[in-house]
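Here the structure comes first, spelled out in structure tokens, and everything after it is commentary.
The values are calculated or read from the model by the stated rules, or taken from the named source; none is laboratory data. Here the structure is a predicted model, which is why all the values come from computation and not from measurement. Cβ sites come from the backbone with ideal geometry, for glycine too, and all protein chains shown count toward neighbours. Note: accessible area is taken over every heavy atom of the protein model, side chains too, but ligands, DNA and RNA are not part of it. Shrake-Rupley method; radii C 1.70, N 1.55, O 1.52, S 1.80 Å.
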Amino acid sequence: MAVIVKEFDPVSVKNSHVQFKNSDGTYAPGTDFGFIGTISGETVLIEVIKRKEGFEAGKKVKPQKMTLNLTGRVYASVLRDIFGIKSDGLKPGVYSYGTDSIGKEFIFTADEIDDFEEVTKLTAYMNCRTASGLTVSIENGASEVAEISLTLECYPDDQGQIKYEAFVSELDDTTVSQQWHSAFTRELVEAVPTP
């Protein structure tokens with residue numbers, strides 16, 4: 001039986017994965033992203049204003065996309081796909097990043113954890129792509145390894161949804177939590193009509 005979550009205070013983000021889009025429009029199985037230090041996001045909105053005789057009489061605000069800012073330690077293979085770093089025409093083990101580098105589109109998933117209530121929320125951000133260029137920061141003698149900063153833009157899927165979320169304790173179908181990070185799709189979370 002599902003346990004409804006009343007209070008959620010996330011203190012960490014773990015178990016992050018990416019599912020890169022293939023050239024045929026399908027998504028590759030989820031792969032480990034790396035380790036998140038911080039994550040923050042903001043929705044980009046569009047305002048539709050109704051005017052009467054030159055004055056504002058009403059307004060509707062609609063989400064258009066979401067901007068995610070991440071810092072952390074990202075696996076090299078994941079960074080290569082995000083930024084379009086490739087080895088085409090180069091000797092084995094050599095990669096390049098340049099004016100023709102185009103990153104892949106992907107689904108980003110992660111677990112938000114509330115250690116106080118022992119609750120996990122699964123999140124999935126759709127149609128993500130990098131909105132920033134490759135950055136490098138290395139400091140000789142630093143006491144900590146530098147984290148990379150990424151800015152991602154997440155766009156709506158075919159159903160107009162930018163983000164999906166689910167508390168693990170509220171799920172009746174365990175397939176959802178089992179496949180969330182490896183094979184997230186709209187079909188995975190869509191309700192099946194009863195006959």
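What segment 41-151 shows is 65 Å² of accessible area per residue, with the surface traced by a 1.4 Å probe over protein heavy atoms.
In this view, the solvent-accessible surface of Asp173, computed with a 1.4 Å probe and all protein chains in place, comes to about 80 Å². Values of log10 I(q)/I(0) for segment 125-195 across q = 0.23, 0.24, 0.27 Å⁻¹ run -1.07, -1.11, -1.25, by the Debye formula with one identical scatterer at each alpha carbon and no solvent. Working note: Cα atoms of the chain, range along each principal axis, descending, whole Å: 59, 54, 42. The peptide list 162-172, 94-104, put in order of mean Cβ contacts within 10 Å with the highest first, becomes 162-172, 94-104. Bridging of Lys91 to lysines at a Cα separation below 29 Å is possible for Lys21, Lys104, once same-chain residues fewer than 8 apart are set aside. Springs between Cα atoms under 10 Å define the GNM used for the chain, and in it the highest mean-square fluctuation of Arg51, Arg129, Arg80 occurs at Arg51. Solvent-accessible area of segment 41-125 (1.4 angstrom probe, protein heavy atoms only): carbon and sulfur portion equals 50 percent.
Sequentially through segment 116-121, phi angles give Karplus couplings (6.51, -1.76, 1.60; θ = phi - 60°) of 5, 9, 6, 10, 10, 10 Hz, Gly and Pro residues having no value and appearing as x.
Accessible-area rank, largest first, for Val11, Val189, Val176: Val11, Val189, Val176, with all protein chains present and a 1.4 angstrom probe.
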